[in-house]
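Bear in mind that the values in this text are calculations on the coordinates, not laboratory data. The model shown is predicted, which means the values in this text are computed figures rather than measured ones. With ideal geometry, Cβ positions are generated from the backbone for all residues, glycine too; neighbour counts draw on all protein chains shown.
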Amino acid sequence: MMVVILIIALAAVGAVYGLGAVTQANLRSAAMTVAAASRGAYARSIAEGTTVRLVFEVGQSSLAFEEAHGRVTLTRLDDATRRLIEDDEEGAGVDTTAVDPWAAAEARLSKTLRPSFGASPFQQIDSPQFRPRDLGNGIRILRVTVPHAPEPIEEGRATIHFFPGGQTEHAVIWIGDPEDRVYSVELHPLTGRGTVYDFAYEPEQLLDDGRGRQRSEVER
């Protein structure tokens, strides 16, 4: 009887460790997927001369690609102003991160008493290579730190931009699994390459775009 109990206990321990190894492997795979997506977006922005961005839904496991032609300006809003725009009945669905300057100017002329941004210049990329991706069962985006956001984004939508001149937003993405393990991916602004950490990497200072700026602009 004691031998049987011991065998069952060892089998249970082995199953737990085996499951933990699998989920950690899934987490690392998700981090590598994010790093690879960054390189793909970086290459696309240079090859096509467009602004490309990665789109994350924080708290979920989705990753998507979007693209804009022409000039794009990134806005840096405090949370109160952002909520004012997004909660307005006419502001529902408005992208308050990246805007087309011409659309923004037209919106301001028509609505002079409150902030207005107009239509977003971004659209989903129509290419099999850039289809939305799922990072895996149980994997979640926990936090995204980018220079255009005053604080790390821990809920809602988060975006990271890649500009046609070969410039990328310096960003850090936290990814978690059901075992509360956290991996981090740091995207470097001059190369678009990702560094993967097997812990919750915390930047020592506020991220910028590699040139000491906290707001980025690009004009073709």
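Output wanted: per-residue J couplings in Hz (rounded whole) for segment 191-204, from phi through Karplus 6.51 cos²θ - 1.76 cosθ + 1.60, θ = phi - 60°, x for Gly and Pro.
The phi angles translate into 10, x, 6, x, 9, 9, 10, 8, 7, 7, 5, 10, x, 6 Hz.
Please compute the length gained on full extension between Ala43 and Asp180, using 0.36 nm multiplied by the number of residues separating them and subtracting their Cα-Cα distance. If you can, show how the numbers build up before the last one.
On the way: separation 137, 0.36 × 137 = 49.32 nm, distance 3.29 nm.
Extending this stretch completely gives an extra 46.0 nm.
Take the Cβ-Cβ distance between Gln60 and Ser127 as r, set R0 to 35 Å, and report the resulting FRET efficiency rounded to the nearest 0.05. It would help to have the intermediate numbers written out before the result.
On the way: r = 23 Å, r/R0 = 0.65.
With a Förster radius of 35 Å, E is 0.95.
In sequence order, what are the phi-derived ³J(HN,Hα) couplings for segment 54-63 according to the Karplus relation 6.51 cos²θ - 1.76 cosθ + 1.60 with θ = phi - 60°, rounded to whole Hz, with x for glycine and proline?
8, 10, 10, 9, 5, x, 10, 10, 8, 9
For segment 167-175, take each phi angle, set θ = phi - 60°, evaluate the Karplus expression 6.51 cos²θ - 1.76 cosθ + 1.60, and give the result in whole Hz per residue in order, putting x for glycine and proline.
So the J values, rounded to whole Hz, are 10, 10, 5, 6, 9, 10, 10, 9, 10.
Modelling each spin label as a point 7 Å along the Cα-to-Cβ direction, I'd like the Ser29/Asp134 distance in nm, to one decimal.
Distance between the two pseudo-spin positions: 1.3 nm.
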